[in-house]
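Chemist: The structure is given below, and queries will be raised subsequently.
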Amino acid sequence: MVSDTPSSEPGTPAAGARPTNVPVYSVSELSGALKRTIEQAYGYVRVRGEISGCKRHSSGHIYLALKDMDAVMDAVCWRGTAGRLKVEPADGVEVIATGRLTTFPGRSKYQMVIEQMELAGEGALLKLLEERKRKLAAEGLFATERKRPLPYLPHVIGVVTSPTGAVIRDILHRLNERFPRHVLLWPVAVQGEGAAEQVARAIDGFNRIAPGGPVPRPDVLIVARGGGSLEDLMAFNEEIVVRAAAASRIPLISAVGHETDTTLIDFASDRRAPTPTAAAEMAVPVRLDLLTEVRSLGSRLDAASARLVDDRRMRLEGLARGLPDPVRLIETAEQRLDDRAERLKLSIAALLRDRAARVATAAAQLKHPRQQIAEHERHLVGTAARLAPALERLLERATERLDQAGMRLAAVPLLPALDRRGQDLAGLGERLDAAARRDTAQRGERLERLAQVLESLSPFKVLERGYAVVEDRAGQPLTAPAITPGMALTLRFHDATVPARAEDGPAALGNPPPAAQKPAKKPKPPAEDRQQSLF
């Protein structure tokens, strides 16, 4: 205990004070002693608490506080350790921090130096995932309109998974069963430290492959992992993986865990598969089903083409029936031309006669002099001379038009069509012959089967088993009522016929014979006669 009254020399008790032997420490000595004591006593501790006031300094160190209901403890995570933490520190997350206690003499405070950090139970982990999911959904990374359709038949499939697990073997086996495709594997760690960064780099690496380069660019990506606990699947819940999946320009299928497992990459991917095997089934169709569908479509296309050809053939035949005969058209045009030429000659002669009559009438009425009459005659002759070449040119032009019409109506353009029609007719004849041969063969087989049935029902087969047919001498079969006594009969066996004659009696008339009389029973001897002597 130190007095308020200064003494003459250190360690000397003041007057009236109680003497003591407690050493005097400087602040630095006492702070160092406390630091060594705390670090030796608490060199390895695990503390559970809720993170509060978390912030990352520009130097890379993380400063935070761990609190519970009654106390708060400062903590620090150095830059070299912060990059290796499995959990990203955030306010409100309950964690279990592993490290050591130390003091900070500059502020007389103790703090925990964190070396490892993990979530405190599944509830805290689910709370963290839910908050992360809301944050990423608010950014639009899970929006439906961002999702792209998968290609129907990809040429190259990129797979991001572990090369040593059973997942890649299951995917390759199912692809070989359904539709073998070229597969590119990007090996990554699927859990543990650095797994999230490797998966994100793999997705980005596949997207950076240039089309047409030495390495083929995948048409679809599959990010796969087998089942596991929530902690094992945490790599696929990290923001870096979710953002890489959302930014992928190649359609992506997530197949992480089993059907009941859900990770954040499932919301950012274009399609979610319940298992890696189901992802392979989503990526490619079944080859046999595709071949069956192609064959079906091919058959329908052939049938449609055949119907189209038949329809066009019928239309062509109909148009050909409606097309008039070119020869008849030319004959009609020639006849019309001859008629017009004849009418033109007659009209010219009539015109000349009419003009001459009109001139003569005018001369007679007006009593022109001879000079005027001669002029009119010369004018009339000149008009006739000018009219004759015009008529000749008109006849030439009409003849040319008639020749052109004849050339257009010639049968030469129709010859290729007639040849094609002949070829079609020959093809139809061959098909008709083939159909007739098939029909004849089918009818022959049917006739042979009917003949076999008829032969099996033939009465001669019955005769071969020892029966006979009773006929009259005319060869007509008889029944019992038609047989009369003394009637000449013929017994037809399967290999010969025997003549016979019906005898008198009921049997010959078809009546059943009377029952044969049984011989009379001998009378039984008396009992004494039946009993023989014993002696």
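The values are calculated or read from the model by the stated rules, or taken from the named source; none is laboratory data. Just so we're clear, the structure is a prediction, and the values are computed from it rather than from any experiment. Glycine gets a Cβ as well: all are built from the backbone with ideal geometry, and neighbour counts include every protein chain shown.
Chemist: Quick check on this structure: which one of LEU150, LEU136 is touching a helix residue (DSSP H, G or I) at 6+ places or on another chain (Cβ under 7 Å) and in a helix (DSSP H, G or I)?
Modeler: After applying the criteria, what remains is LEU136.
Chemist: Let me ask you something else. With respect to THR399, determine if the residue is β-branched (Val, Ile, Thr), within 27 Å of GLU331 (Cα to Cα) and at pLDDT 75 or above.
Modeler: Here the answer is yes, as THR399 does meet what is asked.
Chemist: Filter segment 452-476 down to the residues that are of a type in the set (S, T, N, Q) and within 19 Å of ASP495 (Cβ to Cβ) and list them by number.
Modeler: SER458
Chemist: Condition (residue is in the same structural domain as ARG148 (by TED's automatic domain parsing), within 20 Å of ARG132 (Cα to Cα) and over 28 Å from the mean Cα position of the chain (by Cα)) applied to segment 218-230: is it met by at least one residue?
Modeler: Checking segment 218-230: at least one residue is in the same structural domain as ARG148 (by TED's automatic domain parsing), within 20 Å of ARG132 (Cα to Cα) and over 28 Å from the mean Cα position of the chain (by Cα).
Chemist: Another question, then. Determine which member of the set GLU259, GLU197, GLU239 is of a type outside the set (Lys, Arg) and in contact (Cβ under 8 Å) with a residue 60 or more places away in the chain.
Modeler: One residue alone meets the criteria, GLU239.
Chemist: Could I ask something else about it? For GLN198, indicate whether it is closer than 16 Å to VAL241 by Cβ and part of a loop (DSSP other than H, G, I, E, B).
Modeler: Here the answer is no, as GLN198 does not meet what is asked.
Chemist: Can you name every residue in segment 23-77 that is among the small types (Gly, Ala, Ser), loosely packed, with under 14 Cβ neighbours inside 10 Å and not in a strand (DSSP E or B)?
Modeler: The answer is SER26, SER28, ALA33, ALA41, GLY43, SER58, SER59, GLY60, ALA71.
Chemist: Check segment 175-192 and report whether any residue there is in contact (Cβ under 8 Å) with a residue 12 or more places away in the chain, within 30 Å of LEU128 (Cβ to Cβ), under 28 Å from the mean Cα position of the chain (by Cα) and not in a loop (DSSP other than H, G, I, E, B).
Modeler: The answer is no; no qualifying residue exists.
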